[in-house]
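The values are calculated or read from the model by the stated rules, or taken from the named source; none is laboratory data. Computed from a predicted structure; not experimentally measured. For neighbour counting, all protein chains shown are included, and Cβ atoms are generated from backbone atoms with ideal geometry for every residue, glycine included. Keep in mind that these areas ignore ligands, DNA and RNA; they rest on the heavy atoms of the full protein, side chains included. Shrake-Rupley method; radii C 1.70, N 1.55, O 1.52, S 1.80 Å.
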Protein chains: 2
Amino acid sequence: MFKFNISGRNFIGYNRSSKGDTTFQAKNPSTGEGLITSYYEATLDEVNQAIELAEKAFTGYREKTGQEKASFLEAIAEELAQLEEGLVGLCVQETGLPEGRLKGELGRTMGQLRLFASVLREGSWVDARIDFAVPDRKPSPRPDIRYMQKSLGPVGIFGASNFPLAFSVAGGDTASALAAGCSIVVKAHPSHPGTSELVAMAINEAAKKSNMPDGIFSMLHGVSNTVGEAIVQHPLIKAIGFTGSFKGGKALYDKAVRRKEPIPVYAEMGSVNPIFILSNALKEQYKTIAKGLSDSVQMGVGQFCTNPGITIVPNINETSLFKEELNNCISNSESATMLSASIQEGYETGLKRLKSNEIITSLSKGEQKEGHNQGVPEILSVSAKDFLSENTLEEEVFGPSTLLVHAQDGEEMLKIAKSLHGHLTATIHGTEEDLQANVDLLKILERKVGRLLINGFPTGVEVCHSMVHGGPFPATTDSRMTSVGTAAITRFTRPICFQNFPDVLLPDELKDGNPLKILRMENGKYMKAD
Amino acid sequence: MFKFNISGRNFIGYNRSSKGDTTFQAKNPSTGEGLITSYYEATLDEVNQAIELAEKAFTGYREKTGQEKASFLEAIAEELAQLEEGLVGLCVQETGLPEGRLKGELGRTMGQLRLFASVLREGSWVDARIDFAVPDRKPSPRPDIRYMQKSLGPVGIFGASNFPLAFSVAGGDTASALAAGCSIVVKAHPSHPGTSELVAMAINEAAKKSNMPDGIFSMLHGVSNTVGEAIVQHPLIKAIGFTGSFKGGKALYDKAVRRKEPIPVYAEMGSVNPIFILSNALKEQYKTIAKGLSDSVQMGVGQFCTNPGITIVPNINETSLFKEELNNCISNSESATMLSASIQEGYETGLKRLKSNEIITSLSKGEQKEGHNQGVPEILSVSAKDFLSENTLEEEVFGPSTLLVHAQDGEEMLKIAKSLHGHLTATIHGTEEDLQANVDLLKILERKVGRLLINGFPTGVEVCHSMVHGGPFPATTDSRMTSVGTAAITRFTRPICFQNFPDVLLPDELKDGNPLKILRMENGKYMKAD
């Protein structure tokens, strides 16, 4: 294990830099106190340096083999594992999240890197396609054409506040971009700069040990928007990964599409993840569903992109039993520390805004504990009719609450489903009978989200090959992609085809004889070398 | 074969409509005369009607099986085949293109539809992925998650002027979007409205015979930008396909990204497709290369997106022999009719702009024939130094010309390669020795284009599985995609995942037992049913 001193400086490749005059400190959200280290906001010069170095490093990194990139990702996981104790301790101070949760998140972060490494080792993810030449085709010969995905260029990545490890400096966007073969410049989230610095040290250590070119990874601090905007607007940056608020993500998107050369922005901006509960399921399972919903709403103090912010319930006798059960769960719950004062204020303001509307009533509330930045679980209620007439109720209130929407009948449920904009997930609770009778509802929801669940809860996003953590706008700025799971890698690639190339100049993925033994499409057929 | 009368009306699903007061006529570019039929520019009401009907039809069309969609695409090809004589005859009048070329293009259009149909019949294109549940995983069970690509929604498609069949009403964008499972609203190009109407009739006929829902296809006429802008800005439209000028494509992109819900725009806006000729190749092959270049420049009167607009030559003795040969070819060539007066004027203006710059000299010119809208082949010349100091020389001049750029040495060639913005293609002519010595040049060009060719010419875009007809901005607005070849289908899809779904509610592609026998990724391994 390497020793660490937190320097508060920016990482420009393997070097540290602190040229600016502006510094900031993180706050411990549990105590409200400032933490001791000062962090240097990057200057525009430093931003440019990091990006120019990323461009220089890109040329070499792009040509690394899948095995080399895989070893590098695995080395990052290894370095993170060695940091565990100190890293989790510091992260608890900066985020107020419990140690157990952060240990789990660190495990997820390492597992993610290793899963992506396994995809690189297997190698078929590049979508290799070959159409062999047909020299004697009439009226004109068919040329030899070979296709694969290759990396886009240097990528700008924005760390998220709510997952200080799994969606931050070594998180999903980093794993994806590095796996794709892109160099990266990470803007650390200012609410956990020390955690970010430790993770950056781990990445740099792994990069050195793996003989990676200086500059494939840089990390810049910044509290103001200046650093982030400069990254998005730099002509050498070719894509952006972001997880955070709608306001933040949309602002980056708007800048990126107005560049002289527009670039893709993968902004995952959260959503309210509607849950629809159908009649028979509610009859048979109201206790279990109420308990599950209460747990899901409170998970991570409601600070998950997949937090179920609205729950649509039918109008049957058992609805009141369900509500009673849910209210019991919530009334017996306690507040917990949120990630920062601004997030806690946002939650309170959001609730106040809802409750100031006379169509909304508060059904139950958890216990307000002593302490700073407490987020108190709360259940609100509205009629479907009022919900449909008020188009602001679908806005995310980031925190441990859900709004129960009371539908008179199936028709009103369908109306709500149709009225929804894009979300990350939608969930249906239903018996077999319910589901058969509500295929229309399923089909409508399919068009609104990236992930559709039955009889589950949306919190808990599995990192796997089949995950879609994405969805139509405003959940993300690009519904064609996912930000979790191995399909996220191709966010940072584009296809290139090689026509009439001598074998020796082709990438190994496309050479005759398939030396990497990957799955390829050859003349339209999927083929794998023996 | 069904009989046809050209009505000049818009197609709103299976109905014809002509509510507007504005009409226009096509012109025969060979005679400069107006053709007899009047076409009705669609009103905004008609645009809305077509799109609302497309949305209605989408729900049903999205659920069609791959086999059903394949039969539909094949039926379109069949209807087009039956139209051949009348269609090609009318198209010759509207475009001035020779009959042989248009017969070939019709064959390409039908072949494209059939190739896409074969991909649908095979079925694996949906990228099915399954991670099976692991109920006893610790600390928490792994849910069952299944992933596939599904259609985006109604798509707006803009017909191109330069390929009145293959990139127009039943062209690549149409084949892609219909294959993906999207309903479409096509804006017909006003320079060949009769051709468009005949093709629309063929699509409608095929749709009826295939029992497709009314509204999966509509076609609207328009000369002004109003119709196109209304399509891009309609909230029910979920993606745009476009082939045409930079000005036109970028304007649509700018509107689409400023919508309340931004949508993807696949605008293929052309490029100048640089050709680099290396020393030994020039020494050994100067005659063949000169002849090939002359042919490529003149193909389709230079009205191809892949026309080689700049050619970089080395500074060796044989360069003058090459130029002599090229000048001979061009001097012995003849002008030909361009697609329209405005395209011909654009070509002349572009050439004038170049030649008014004293750094540019004209080396040779073809013979100006009698007749309207003649595009005369021409070779221009500039030094690499001057080329590098003047950043407007990389702009496309749409027509049969190329600008020879004289590089002093390999270093200057690299400088030019580095200075290039995005193009559809780049080509290198080189012997084995040349290529080995110029790997740097290859690597630089790889970042600039979608297709890289060795010892060939970029004109002639093969429709196959491995084609990339795309490239970095400004060649297109989305380098992650291709507009030719079967990989173009996923431009109009997004991934969706299904968590914990009962088998009966899953799409067939994701059901247990793999009933469609497609290739799937199961727990990270590629598997195909026996």
Exercise. What residues have an amide H closer than 5 Å to that of B:ILE157, excluding those fewer than 5 places away on the same chain, when H is modeled at 1.01 Å from N in the peptide plane?
Worked result: B:VAL185, B:VAL186, B:LYS187, B:GLY241
Exercise. For the stretch B:283-366, what is the relative contact order in percent, using Cα pairs closer than 8 Å and at least 6 residues apart in sequence?
Worked result: 34 percent
Problem set entry | Rounded to 10°, Cα long-axis angle of helix A:66-95 versus longest principal axis of chain A | 40 degrees
Seminar exercise, completed: Computed about the Cα centre, the charge dipole of the stretch A:337-380 from +1 Lys/Arg and -1 Asp/Glu charges at the Cβ has a magnitude in debye, to the nearest 20, of 80 debye
Problem set entry | DSSP-defined beta bridges in the protein assembly as shown - what % are antiparallel, rounded to 5 | 40 percent
Exercise. Quick one: label points 7 angstrom along Cα→Cβ at A:ILE359, distances to the other copies in nm, smallest first?
Worked result: 6.4
Exercise. 222 nm [θ] for chain B, helices only, -39500 (n - 2.57) per DSSP H run of 4+, per residue, to 500?
Worked result: -12000 deg cm²/dmol
Exercise. Between copies, how close do the B:SER320 label points come, placed 7 Å along Cα→Cβ, listed in nm from shortest?
Worked result: 10.3
For this session: Tell me which residues come under 5 Å, amide H to amide H, from A:LYS150 once H is placed; ignore anything under 5 positions away on its chain.
Result: A:ARG494, A:ILE496
Exercise. Using θ = phi - 60° and the Karplus curve 6.51 cos²θ - 1.76 cosθ + 1.60, what whole-Hz ³J(HN,Hα) does each residue of the stretch A:420-428 get, with Gly and Pro shown as x?
Worked result: 5, 8, x, 9, 5, 9, 9, 10, 10
Exercise. Rounded to a whole number of µm²/s, how large is the Stokes-Einstein D of the stretch B:181-245 at 37 °C and 0.692 mPa s, given Rh as the Kirkwood radius over C-alpha pairs?
Worked result: 254 µm²/s
For this session: May I ask you to list the lysines whose Cα is less than 18 Å away from that of B:LYS415, ignoring any residue fewer than eight positions away on the same chain?
Result: A:LYS56, B:LYS385, B:LYS443, B:LYS448
For this session: Keeping every protein chain in place, order A:THR288, A:THR65, A:THR486 by accessible area at 1.4 Å, biggest value first, i.e. largest first.
Result: A:THR288, A:THR65, A:THR486
Problem set entry | Flagged links, alpha-carbon separation over 29 Å, of B:LYS323/B:LYS418; B:LYS19/B:LYS69; A:LYS138/B:LYS150; A:LYS187/A:LYS208; A:LYS247/B:LYS64 | B:LYS19/B:LYS69; A:LYS138/B:LYS150; A:LYS247/B:LYS64
Problem set entry | Under 16 Å from the Cα of A:LYS250 - aspartates and glutamates, other chains or at least 8 residues apart | A:GLU229, A:GLU268, A:GLU395, A:GLU396, A:ASP478, B:ASP254, B:GLU261
Problem set entry | q = 0.07, 0.12 Å⁻¹: log10 I(q)/I(0) that the Debye formula gives for chain A, counting C-alpha atoms only | -0.43, -1.11
For this session: Using all C-alpha to C-alpha distances in the stretch A:152-199, build P(r) with 5 Å bins and read off the rounded percent in each one.
Result: 5, 27, 33, 20, 11, 3
Problem set entry | Beta carbon of chain B nearest to the axis of the rotation taking B to A, residue and angstrom distance | B:VAL257, 2
Exercise. Given a 1.4 Å probe and the protein chains all in place, what does the accessible area of A:GLU205 round to, in Å² to the nearest 10?
Worked result: 60 Å²
Exercise. What is the sum of charges around B:ALA133, taking Lys and Arg as +1, Asp and Glu as -1, for the other residues whose C-beta is under 12 Å from the C-beta of B:ALA133?
Worked result: -2
Problem set entry | Angle between chain A longest axis and helix A:410-419 axis [Cα atoms, degrees, rounded to 10] | 40 degrees
Seminar exercise, completed: Counting only protein heavy atoms and leaving out ligands, DNA and RNA, the solvent-accessible surface of A:VAL301 at a 1.4 Å probe, in Å² to the nearest 10, equals 20 Å²
For this session: Have a look at the DSSP beta bridges in the stretch A:275-454 and tell me what percent are antiparallel, nearest 5.
Result: 25 percent
For this session: Specify, per residue and in Å³, the volume enclosed by the convex hull of the alpha carbon atoms belonging to the stretch A:150-299.
Result: 153 Å³
Exercise. Would you list B:LYS247, A:LYS365, A:LYS238 from the most to the least accessible area, probe 1.4 Å?
Worked result: B:LYS247, A:LYS365, A:LYS238
Exercise. Which whole number of Å³ per residue matches the convex hull of the alpha-carbon atoms in the stretch B:275-454?
Worked result: 101 Å³
Seminar exercise, completed: Distance in Å, no decimals, from the C-alpha centre of the stretch A:239-268 to the one of the stretch A:159-232 is 17 Å
Exercise. When all protein chains stay in place, what accessible area (Å², nearest 10, 1.4 Å probe) is found for A:GLU99?
Worked result: 100 Å²
Exercise. Can you list the residues, at least 5 places off or on another chain, whose amide H is less than 5 Å from the amide H of B:GLY171, using H built in the peptide plane?
Worked result: none
Exercise. Nearest 0.05, what FRET efficiency do A:LYS525 and B:GLU52 give at R0 = 41 Å with Cβ-Cβ as r?
Worked result: 0.50
For this session: Could you state the angle between the C-alpha long axis of helix B:44-62 and the longest principal axis of the C-alpha atoms of chain B, as a value from 0 to 90 degrees rounded to the nearest 10?
Result: 60 degrees
Problem set entry | Note, ³J(HN,Hα) from phi for the stretch B:154-171, Karplus 6.51, -1.76, 1.60, rounded to Hz, x at Gly and Pro | x, 10, x, 10, 10, x, 8, 7, 8, 10, x, 10, 6, 10, 10, 4, 10, x
Seminar exercise, completed: Taking the alpha-carbon centre of each part, the distance from the stretch A:3-35 to the stretch A:432-508 in Å is 36 Å
Exercise. Between copies, how far does the label point of B:ARG259 sit from its twins, in nm, shortest first, when each point is 7 Å from Cα along Cα→Cβ?
Worked result: 2.3
Problem set entry | B:PHE398, B:PHE11, reordered so the largest accessible area comes first (probe 1.4 Å) | B:PHE398, B:PHE11
Seminar exercise, completed: Log10 I(q)/I(0) at q = 0.04, 0.07, 0.08, 0.10 Å⁻¹ for the protein assembly as shown, from Debye over equal alpha-carbon scatterers, is -0.21, -0.64, -0.84, -1.27
Seminar exercise, completed: Karplus-derived 3J(HN,Hα) from phi for the stretch B:488-503 (6.51 cos²θ - 1.76 cosθ + 1.60, θ = phi - 60°), whole Hz, x at Gly and Pro, runs 5, 4, 6, 4, 10, 10, 9, x, 10, 10, 10, 10, 6, 8, x, 3
Problem set entry | Set of aspartates and glutamates with alpha-carbon distance to B:LYS209 below 12 Å, sequence-local pairs under 8 removed | B:GLU68, B:GLU74, B:GLU78, B:GLU79
